[in-house]
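Student: One structure, as structure tokens, below. Some questions next.
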Amino acid sequence: MFSTPSDIVKKFELEPHMKVADIGAGSGEYSFAAARMALNGMVFAVDVQKELLARIDSEAKAKHLSNIKIVWGNAEERNGIKLADGSIDACIAANILFQVENREVFAEEICRIIRPRGKLLVVDWNSSFGGTGPKPQDIVPKTLAREIFEKAGFFVEREIPAGEYHYGLVFRKK
């Protein structure tokens, strides 16, 4: 069974005033869920695909979520996420690791924008399920995800349930 982004984001325990970045925002479901929790804060939906960002912007307006800001950026390039150093309280990277080619820079970029002791939620596929999810060679196992983000300056705070097909890791910046 798939978990819904809103259920997963609730387990991430965002606070109303937080500044949150959804890296690789895609469809925007995690951005919308975060915006509902960080009502007095701001959610930055970051993606490299401008057409996806336009859809998120349109849907956010239709849902009356005025605390979502669209940010075009490439998280696989140094300073590619167009947000200031240490400006974000929490970051979400959901269903994106299996698509990332330069994982080291990706993790370093996320670390750059998160304030000290800020937190990061990583949700990704734990396997390939015969046509559901990414190709087996593209899967980033939970152990590898831990290594990537620990090397970049995070430590694992806890694991959270993310459905039958995904893992969820909550990191803290050192």
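FYI, it's all coordinate maths here, none of it is from the lab. Keep in mind that this is a model prediction, so the values were computed, not measured. Here the Cβ positions follow ideal geometry from the backbone for every residue, glycine too, while neighbour counts run over all protein chains shown.
Student: How far is it, in nm, from the label point at Lys174 to the one at Glu59 when both lie 7 Å from their Cα along the line to the Cβ?
Tutor: 3.7 nm
Student: Counting alpha carbon pairs within less than 8 Å and at least 6 residues apart, what relative contact order, in whole percent, applies to the chain?
Tutor: 20 percent
Student: To the nearest 0.05, how large is the calculated FRET efficiency for Tyr165 and Glu51 if R₀ is 25 Å and r is the Cβ-Cβ distance?
Tutor: The computed FRET efficiency comes out at 0.45.
Student: Okay, next question. Filter the trypsin sites (Lys or Arg not before Pro) in the range 13-80 to those in DSSP coil with at most 10 other Cβ atoms within 10 Å of their Cβ, and list the result.
Tutor: Passing sites in the range 13-80 do not exist.
Student: So for the chain: antiparallel DSSP bridges make up what percent, rounded to the nearest 5?
Tutor: Percent antiparallel among DSSP bridges in the chain is about 45.
Student: Taking amide hydrogens as modeled 1.01 Å from N in the peptide plane, which residues meet the under 5 Å criterion relative to Gly168, leaving out close sequence neighbours?
Tutor: The answer is Ile160, Ala162.
Student: Using alpha-carbon pairs under 8 Å, 6+ residues apart, how would you state the relative contact order of the range 78-136 in percent?
Tutor: 43 percent
Student: Just in the range 30-104: which GluC sites (Glu not before Pro) are loop by DSSP and have at most 14 other Cβ atoms within 10 Å?
Tutor: Answer in residue order: Glu77, Glu101.
Student: Over 31 Å between Cα atoms: which of Lys11/Lys61; Lys63/Lys151; Lys63/Lys142; Lys135/Lys174 fall into that group?
Tutor: Pairs exceeding the cut-off: Lys63/Lys151; Lys63/Lys142; Lys135/Lys174.
Student: Which of the following values of Cα extents along the principal axes in Å was calculated from the structure shown: [x] 51, 30, 30; [y] 78, 36, 27; [z] 38, 34, 28?
Tutor: [z]
Student: Pull up all non-local amide H partners of Gly73: gap of 5 or more, or a different chain, and H-to-H distance under 5 Å with H placed in the peptide plane.
Tutor: Here Asp47, Val48 satisfy the definition.
Student: I'd like the Karplus ³J(HN,Hα) series for the range 77-94: coefficients 6.51, -1.76, 1.60, θ = phi - 60°, whole numbers in Hz, and an x wherever there's a Gly or Pro.
Tutor: Working through the residues one at a time gives 10, 4, 6, x, 7, 7, 10, 5, 4, x, 8, 10, 7, 8, 10, 10, 10, 10 Hz.
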